[in-house]
Amino acid sequence: MMTTLDVSALRTRFAGQVVAPGDDGYDAARALFYGGHDPRPAVVIRPCDPNEVADVIALARETGLDLSVRCGGHSPVGHSVVDGGIVLDLTHLRAIAVDVEERTVWAQAGLTAGDVTRAVAEHGLAIGFGDTGTVGIGGITTGGGVGFLSRKYGMTIDNVLAAEVVTADGQILQVDAGHHPDLFWAIRGGGGNFGVVTRFQYQLHEVPEVVGGMIMLPATPEIVHGFLREAAAAPEELSVIVNVMPAPPMPFIPADVQGSLVVLGLVCYAGPAEEGAKVLAPIRALAEPLADFVRPITYPEMFLEEEGEGEYHPTATARTLFADELDLPRIAQVLERLQNAPAPMRVAQFRPLGGAISRVPADATAYAHRARPFMVNVASFLDGPDTRAEREQWVLDTAAVVENGAPGAYVNFLAEDGPQRAREAYPGATWERLTRVKRQYDPGNLFRRNVNIPPAG
């Protein structure tokens, strides 16, 4: 078994790009979206096709080096890049083929959510990913995919028709409901535990335009509670993300409001503009908006891709959970904790679920939290390593205030607590079935840089 890599031999072996320490692009190739990580991989390989993906997997088996798989580099805990190991970077797999008549698209896993969204929007079509255009479709899809179209059209995994998966033993499998059905079930929510998905086929929906954008309201318990109540009761065409946080120093925010708690709501109504205005009227009536950018737009405009995003690497501690009830006293306690938090930047994020998400049976995919009405994320940004312990404690205590109902976690948002909470992400029978699929397709746990599911037995 090799322990050192002969980089020049690798450059001969792979037609795709091989990036090693000392190369010009090395630092960019190992950079991650989230800060606080400084991995130095032995090599980053960008395969040019699925056969080369299989060959990178073979290289990891031959060398015994840790393998990580990178799509968009948005893993909260840096799973995308491995220190001292091999990074299989899918960046160069960017083929996309839209079938307008059938309303489907085949998209390779090196594409981002924004790439696919813009390509299908040219035909008035959409597939719901998350809420950020720069995430890779591989990571967000295999983990579930909750975003701006979820209440109307389900999660991303509910719109996956088929996939191409390269397994730990190098097989290139075409999977769907009739071919390798257990594997097809597992990659829809089970993360990257079972192989490298090199392309997906998605069902598309006609979404010529939406009523969407950002609305900012003052943050009082009554306004936050009212926003969530109205959004949860609204027609399922409406999906919202309600962030309660200090107002950032943006030019459109009055100076006297900056730094005070506000409700920063991201709303998306996937239907006609007149109906959208009616549905959003009760939310607008909660208070005089501090800012209101909600208007008829095309769906790709929902992704506010920040200029200079490549330089922005936030370092935070966070916890993801579900709540069955978000009553006024609970909301008031969360706001009080936000008001008195130690960190200059902190956030409680509330996502009303339901609609199409809840109509899928809990055992139909590896995402089992179908009946949960709210997803909540609590985060606190760090000002340096010495603030971590204090901020982590604040996050845990705040999450304890809001969490109710059975323990649960959404795998794509799991942070440092991922290994301890994997069973909450995959409760009961879901976990047992996933471990059996893992035993079949990755018995040696080669794919372990993830929220890991060990092989059964």
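The values are calculated or read from the model by the stated rules, or taken from the named source; none is laboratory data. Everything numeric here is computed off the predicted structure, so don't read it as measured data. A quick note on method: Cβ atoms are made from the backbone with ideal geometry, for glycine too, and the neighbour counts reach across all protein chains shown. Surface areas here come from the heavy atoms of the whole protein model, side chains and all, with no ligands, DNA or RNA. Shrake-Rupley method; radii C 1.70, N 1.55, O 1.52, S 1.80 Å.
For Phe194, the criteria (1) under 20 Å from the mean Cα position of the chain (by Cα); (2) open to solvent by 10 Å² or more (accessible area, probe 1.4 Å) hold in every case but one, which is (2).
Scanning region 268-287 for residues that are under 18 Å from Thr298 (Cβ atoms), not in a strand (DSSP E or B) and not hydrophobic (A, V, I, L, M, F, W, C) turns up Gly271, Pro272, Glu274, Glu275, Gly276. Candidates are the residues of region 176-187 that are surrounded by fewer than 24 Cβ atoms within 10 Å (Cβ to Cβ) and under 22 Å from the mean Cα position of the chain (by Cα); the one that is farthest from Val240 (Cα to Cα) is Leu183. One residue alone among Gly355, Gly265 is buried (at least 19 other Cβ atoms within 10 Å of the Cβ), on the phi > 0 side of the Ramachandran plot, small (Gly, Ala, Ser) and at pLDDT 95 or above, and that residue is Gly355. Per the conditions (1) assigned to a loop (DSSP other than H, G, I, E, B); (2) open to solvent by 30 Å² or more (accessible area, probe 1.4 Å), the sole criterion not satisfied by Pro296 is (1). Selection of region 163-175 for residues being assigned to a strand (DSSP E or B) and open to solvent by less than 10 Å² (accessible area, probe 1.4 Å) yields Ala163, Val165, Val166, Val175. Within region 29-41, is even one residue among the aromatic types (Phe, Trp, Tyr), more than 23 Å from the chain's Cα centre (by Cα) and under 30 Å from Asp383 (Cα atoms)? No: region 29-41 contains no residue that is among the aromatic types (Phe, Trp, Tyr), more than 23 Å from the chain's Cα centre (by Cα) and under 30 Å from Asp383 (Cα atoms). Looking only at region 27-51, which residues are at pLDDT 95 or above, open to solvent by less than 50 Å² (accessible area, probe 1.4 Å) and not in a loop (DSSP other than H, G, I, E, B)? Result: Val43, Val44, Ile45, Arg46, Pro50. When region 52-109 is filtered for residues that are open to solvent by less than 10 Å² (accessible area, probe 1.4 Å), in contact with a Pro (Cβ under 8 Å, 6 or more places away or on another chain) and either within 24 Å of Leu204 (Cα to Cα) or free of Cβ contacts under 8 Å to residues at least 40 places away in the same chain (or both), the ones remaining, listed by number, are Leu90, Leu93. When Arg319 is tested against the conditions (1) out of contact with any Leu (no Cβ under 8 Å at 6 or more places or on another chain); (2) open to solvent by 20 Å² or more (accessible area, probe 1.4 Å), the lone failure is (1).
Of all residues in region 395-453, those being open to solvent by less than 60 Å² (accessible area, probe 1.4 Å), of a type in the set (A, V, I, L, M, F, W, C) and free of Cβ contacts under 8 Å to residues at least 24 places away in the same chain number 1.
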